[in-house]
1. Grab the beta carbon distance between A41 and M84, set R0 = 35 Å, and tell me the FRET efficiency rounded to 0.05.
2. Helix-derived [θ] at 222 nm for the chain: sum -39500 (n - 2.57) over DSSP H runs of at least 4, divide by residue count, nearest 500?
3. Which GluC sites (Glu not before Pro) in region 40-130 pass both tests, a DSSP loop state and at most 16 other beta-carbon atoms within 10 Å?
4. In what sequence do S56, S101 fall when counting other Cβ within 10 Å, fewest first?
5. Under the definition of Cα pairs under 8 Å and six or more residues apart, what whole-number percent is the relative contact order of the chain?
6. Just check region 22-62 against the gyration tensor rule for me: Cα atoms, a ≥ b ≥ c as the square roots of the eigenvalues, rounded for a/c under 1.5, and otherwise prolate or oblate depending on whether a/b exceeds b/c.
7. Going 7 Å from the Cα of R119 along its beta-carbon direction, which residues of region 67-100 have the amide nitrogen within less than 17 Å of the resulting point?
8. Using a cut-off of 16 Å between alpha-carbon atoms, which aspartates and glutamates can reach K81, once sequence neighbours fewer than 8 places away in the same chain are excluded?
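Computed from the coordinates by the stated procedures, all read-outs in this text should not be read as laboratory data. None of these values were measured; they are calculated from a predicted model. Here the Cβ positions follow ideal geometry from the backbone for every residue, glycine too, while neighbour counts run over all protein chains shown.
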Amino acid sequence: MNSQTPKKTIAIDMDGVIADVEPQLIKYYKQLYGITTTLSAIQGLTGAEAFPEDASTKNILRQPGFFRTLEVMPGAVAAVKKLMENYEVYIVSAATEFPLSLFEKIEWLQEHFPFISWRNIVMCGDKSIIHTDYLIDDHCKNLDFSRGKAIMFNAHHNLNQHQHLRVYNWDEILELFEKEGC
Ligand SMILES: [Mg+2]
């Protein structure tokens, strides 16, 4: 790449993309409501269908520690580092609906992705304002309005949605960008 050419930009979502949120939802659903569910049981269900007792309040997402203690999605750290060699990478999270999550998400990024500058972290509400060349996200509500190329990270709630390029893991994302060849 010519050093004078600006790098193309990638917006990367947090929950369900670099942070493994599904096991955490299952764990907190059990803690808050005493109801046990499993990863296999929620496949193909919306969030409200998978966790019906929490659907109206979204209390799980307001619990202290929920976002701070999420596991990193397998392969995400190395893959994001690799992408940063050739792309300008932004972490973009629609976090303002859950104010406590803002600080927890920043701390989580500092722990697991300390190589990402604060300048490249965007905490927002509506992601349709994001104008990157690529958006990697698990929610069609964000991908449907992406100005750039949309890449859908597989999740229980998007199994029945087929309007975007689907990837199942970070290895597939790296392969995809290798094919992009820039
Ligand atoms: Mg997400």
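1. About 0.45, to the nearest 0.05.
2. -9500 deg cm²/dmol
3. Here the sparse-neighbourhood loop sites are E97.
4. Details: S56 8, S101 22.
Lowest to highest Cβ neighbour count: S56, S101.
5. RCO, the chain: 28 percent.
6. Note, shape of region 22-62 comes out oblate.
7. 84-92
8. Excluding near neighbours in sequence, the set is D13, E111, D171, E172, E175, E178.
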